[in-house]
Every structure is written in structure tokens, then in C-alpha cells.
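The values are calculated or read from the model by the stated rules, or taken from the named source; none is laboratory data. Just so it is clear, the structure is predicted and the values come from calculations on it, not from any experiment. Because the Cβ atoms are built from the backbone with ideal geometry, glycine has one as well, and the counts that use them run over all protein chains shown. Just the protein is used for accessible areas: all its heavy atoms, side chains included, with ligands, DNA and RNA removed. Shrake-Rupley method; radii C 1.70, N 1.55, O 1.52, S 1.80 Å.
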Amino acid sequence: MLMVPNSDLLREKAYIGGRWVNAISGNQFDVVDPATGDHLATVPDMGEEDTLLAITHASEALNGWNNKTSKERAGLLKAWHHLILERKSDLARLLTAEQGKPLAEAEGEIAYGAAYIEWFAEEARRIYGDVIPSPSSDRRLLTIKQAIGVVGIITPWNFPNAMITRKLAPALAAGCTVIVKPSEETPISALALAALAEEAGIPEGVINVLTTTNAAAIGGVLTQHDDVRKLSFTGSTQVGRMLMRDCASTVKKVSLELGGNAPFIVFDDADLDTAVAGAIASKYRNAGQTCVCANRILVQAGIHDAFVAKFASAVSELRTGNGFSRETTIGPLINDNAKRKVASLVRQAVRQGADLLVGGAFDENNPACFEPTILTDVTASMSIASEEIFGPVAPIFRFNTEDEAISLANDTPFGLAAYFYTQDIGRAWRVSEALEYGMVGLNEGILSTETAPFGGIKQSGIGREGSRYGIEDYVELKYLCMGGLNASS
Ligand code: SIN
């Protein structure tokens, strides 16, 4: 069931140098609907030669793009933003078809993704340098910020639109040109974005999109080619490590938005209803397939039973199904590997002593969907405590003291997002500062916005996306020393 009213956005060719092209090898692959397995599109399966061609085009386009004024680049970004919003409903349908998330969530993602373009169109005009007070009277010291150059961008399937725009928008605003490799599961949204960029008048070669099932081939060229000056990646920590290692050969700058293991802490003094609503939003958004989803729900002993009862009742309202059905709140998992992983984590947790309170199986009528699940009596020694679940499964841990909660929360190599609920102002500060995470939600289960810096510490990544800091990942700081000012001719 592909419900795309305006199929001009459904492109079955890749986009290189302003042309819609097949792979040089002629190879192709199919894109399927994860909810039904239905065929949606057939796109080019590109490799090394196509990547080299894209790098040539991006390099050739660099000067022209970079020499535009920031106001001109901002104008083109705004035109693109405008077209995306105009076609929001078509883009959302394409997104739901290839990724599975409920249509309302897909519409939300298109607006969220477009917001990054608007934000960085505005930021393009604020890439300021400094004048540094000089240590001598005949010199003036300045800094300017310049575009890094050609950027390789590798994006995941869980947000097929927004993870692209949040990298592309600052790159383009700064004056960089880009080569995007979307996930093989979700290339359609990437191609649709390129089609609208073309319509907006973004010049040829500035944005190139390569579709592939051979991520290693494209990644290998992007990471090791001298003309690619930066790589930005969102995905697993395991792949991020490999890419970072490969980028070392050319000492490329990297931005990495990697895995998480988000703690969601509910203290005894929390407002129960707010905490339950936050846990539902944080845990079950996108069927639990986000890097910032609550991965471990830690509940203090005094509020534990009341929280579990209310949370279970709220979970019973959720509905699995096809994302095109208006009742659906939990769509399918992305593929068979994801299904195997989620089911196996639940099985192992139960075997290791967790109590299966709700769910725990695939939906009989929609076998690609895993039922929203709650496990209680989960402990730190169980595998589910250290794995990123990426599914609609909520493991609940019990703790007694604030120190114990902080120590449990920080007991992970990851440091992306953390959440906690309290009404105590002292605790709010103490815990915010003690959590070793790049982002902390206090009495909030959803913290992403284009205006704030998104990113992690420890093994969750390097760099920040969105906000006024996001542009910094795409510029080089140059120091200018202007001397001899006192010599008169
Ligand atoms: C992610 O899962 O990586 C992104 C989630 C978000 O932007 O909120």
C-alpha cells in the first residue's frame, strides 16, 4: 500500500552533479515497505566509481557555492525549506512507506527536518570571526571562519529525512558541498529531498546522493579520499569507530552521532503523571528506534509500584500496526535483524530473572510489529541493561538512593541522552551536573529541537548538530596576522 499522491518525488535514480543517474555498473536494488514487505522502488546500487564521480562534481561545485554570499546561500536554503513544507504530506507518505513510522510521526519528522534548514539558513548569515586585541602596535590579529570543503554524509534509516537535513543544512550554510549516502533501507526520502533541492535552485554538484547496499565501498572512498575534508555520520558506535579509524589516514575531521543507552530516572518526588507521559513519549517514539529513546527506566522504591501501574495502563492504549492506519502508534521494526535482536533481548532478560509484565511478542495481525513491552525487576547484570534495545521494550529497574541512581545511570560507555524526574530544585541541579551525558531532559521525555545542540559524550560521539554550535562542525577557523602597519611608505 504505497499512498503517494504526487509520485514525482518518488525517484528511482541517484543524484550526481545535478543529473539523475543509474549506477555506472548498472546494478540496482529494491526498497521495500517494512510493514508489508511490498516492493516500493528500485534504485541504483552504487559503488566506488560512482563515489569518485560524485567527489569530482562536489569538488568542482565548491568554489561557486562557497563564493556565493551567505545571503544568497540562505535564500536558496529558504526556498528549499519552503518547498519541503509545501510537499510535507507527500514526503511523509514516502517516509512512512519506506520506514514504517506512523504517518503523524512522519509528518512531525518532515517539519522537524525542515526546521534545521530554516535554522541554518538564518545561521548562514552569522558565521562571525573575531578581532583579537593585538600584543603589538604594528599588528592586527583576526580570525575568520571558512567552509571546510567537500563533506561526506552517512545517515541512518530511523529518521530518513531529519538526519539528512540536520547535517546538510549547516554544511550548505557554511559553504560546503556534500555527498550523501542514505541508509539502504530508506533511500527514497533522501532522493525526494534532492529533488526538492534541485527545484529550489541549489546548483548542480552542491548536493549529491548515492544509493547503495554496499556501504563499505562508498564509506571506504569517502573516508580515504583527500578531497573529502570531513565526514559526518549518524549510526552505531561500532561503525562510527571504523569510520573514524579510516578517516585517520587523511586526518579528516569527523562528526559522529552514535549509539546511546539512555537512563530515564524517576525519583520519589516526581510528578507521577508527567513522568509516565514522558516515559511513553521517550520510550515508544518511532517504535523505540531512536538513539535517544529511554533504554533503562530507573524508578525509586517509594514510587516504583505506582509508576509501574500507571505506565502499564498507558502502554495498554498504544496500538501496533501499519503506519498508514490512523490508529497506529507503534509501527513495524525496520527489518528481520531488528526483529531478531529485540525478541532475543526480551527472551534473555526473562531467562535472567526479569518479569514480563506487558507484551513480549510480535503482533499476530502485523508480524513486523513488536508489542509494546514492559519488563520489571531488571538488574544491571542482565544483557538488556547494556545493549541499545532499538525496539518498544521498557526495562524497569528499582533503586533506593540518589547516589545509586546516578551510579547506575553512568555505568555505561555511552553518553548521549539522559532523563530524570524530580520536583526538588537542589536535586535537579545535582543530578543534571552528575549525569555523564551530552543531553539531559529534566521533567521532559523529548528534548530534540533544531535550536539546541544535539550530541553525545564518551562513546556516543563527537560534535554537535543543530543550534548555534552546529555550524562549527562545518567551518575551519583561520587566524590572520596582519603586520607592518606602522611602516609608512
Ligand atoms: C536519533 O535517534 O539519532 C535522533 C533522534 C532525534 O533527533 O530526536
Scanning region 130-159 residue by residue, those away from the ligand (no atom under 16 Å from the Cβ), open to solvent by 40 Å² or more (accessible area, probe 1.4 Å) and touching a residue at least 12 places away in the same chain (Cβ under 8 Å) turn out to be ASP130, SER137, ASP138, ARG139, ARG140, LEU142, ILE144, LYS145, GLN146
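Condition check ((1) surrounded by fewer than 20 Cβ atoms within 10 Å (Cβ to Cβ); (2) away from the ligand (no atom under 16 Å from the Cβ)) across all residues:
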residue	(1), (2)
GLY240	no, no
SER249	yes, yes
GLY259	no, no
PHE267	no, yes
ASP273	yes, yes
Scanning region 148-193 residue by residue, those of a type in the set (Val, Ile, Thr), in contact with a strand residue (DSSP E or B) (Cβ under 8 Å, 6 or more places away or on another chain) and in a helix (DSSP H, G or I) turn out to be ILE164, ILE188
Expected single match for aliphatic (A, V, I, L, M), in contact (Cβ under 8 Å) with a residue 24 or more places away in the chain and over 22 Å from LYS101 (Cβ atoms) among ILE188, ILE218 is ILE218
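So which residues in region 218-243 are assigned to a helix (DSSP H, G or I) and either under 23 Å from ASN158 (Cβ atoms) or in contact with a His (Cβ under 8 Å, 6 or more places away or on another chain) (or both), if there are any at all? Explain how you work it out, then say what you get.
Initially, region 218-243 is screened for residues assigned to a helix (DSSP H, G or I), giving 218-224, 237-243.
Passing the criteria: ILE218, GLY219, LEU222, THR223, THR237, GLN238, VAL239, GLY240, ARG241, MET242, LEU243.
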Filter region 160-186 for residues that are open to solvent by less than 10 Å² (accessible area, probe 1.4 Å) and polar (S, T, N, Q); the one that is farthest from the ligand (Cβ to nearest atom) is THR177
ALA405: passes all of (1) open to solvent by less than 10 Å² (accessible area, probe 1.4 Å); (2) out of contact with any Leu (no Cβ under 6 Å at 6 or more places or on another chain); (3) more than 16 Å from the ligand (Cβ to nearest atom) but (2)
Of the listed residues (GLY391, GLY426), the one being within 16 Å of the ligand (Cβ to nearest atom), farther than 30 Å from ILE144 by Cα and either touching a residue at least 12 places away in the same chain (Cβ under 8 Å) or out of contact with any Cys (no Cβ under 9 Å at 6 or more places or on another chain) (or both) is GLY391
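Would you pick out the residues in region 279-300 that are farther than 22 Å from ALA106 by Cβ and more than 12 Å from the ligand (Cβ to nearest atom)?
Those that are farther than 22 Å from ALA106 by Cβ and more than 12 Å from the ligand (Cβ to nearest atom): ALA279, ARG296, ILE297, LEU298, VAL299, GLN300.
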Problem - So HIS39, is it surrounded by fewer than 22 Cβ atoms within 10 Å (Cβ to Cβ) and touching a residue at least 12 places away in the same chain (Cβ under 8 Å) - result: no
Determine whether region 446-457 contains at least one residue that is open to solvent by less than 60 Å² (accessible area, probe 1.4 Å) and over 22 Å from the mean Cα position of the chain (by Cα). no
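Rundown of residues vs (1) of a type in the set (A, V, I, L, M, F, W, C); (2) more than 22 Å from the chain's Cα centre (by Cα); (3) under 30 Å from ASP50 (Cβ atoms), yes/no style:
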position	(1), (2), (3)
GLN99	no, no, yes
GLU105	no, no, no
ARG139	no, yes, no
THR143	no, yes, no
VAL150	yes, no, yes
ASN158	no, no, yes
THR165	no, no, yes
ALA173	yes, no, yes
Of the candidates GLY445, GLY441, GLY391, the one satisfying the condition of being of a type outside the set (A, V, I, L, M, F, W, C) and in a strand (DSSP E or B) is GLY441
PHE120 fails exactly one of (1) away from the ligand (no atom under 16 Å from the Cβ); (2) of a type in the set (Phe, Trp, Tyr); (3) crowded, with 24+ Cβ neighbours inside 10 Å, namely (1)
- Message: I'd like to know if region 426-433 contains one or more residues that are assigned to a helix (DSSP H, G or I), open to solvent by 40 Å² or more (accessible area, probe 1.4 Å) and of a type in the set (Asp, Glu).
- Response: yes
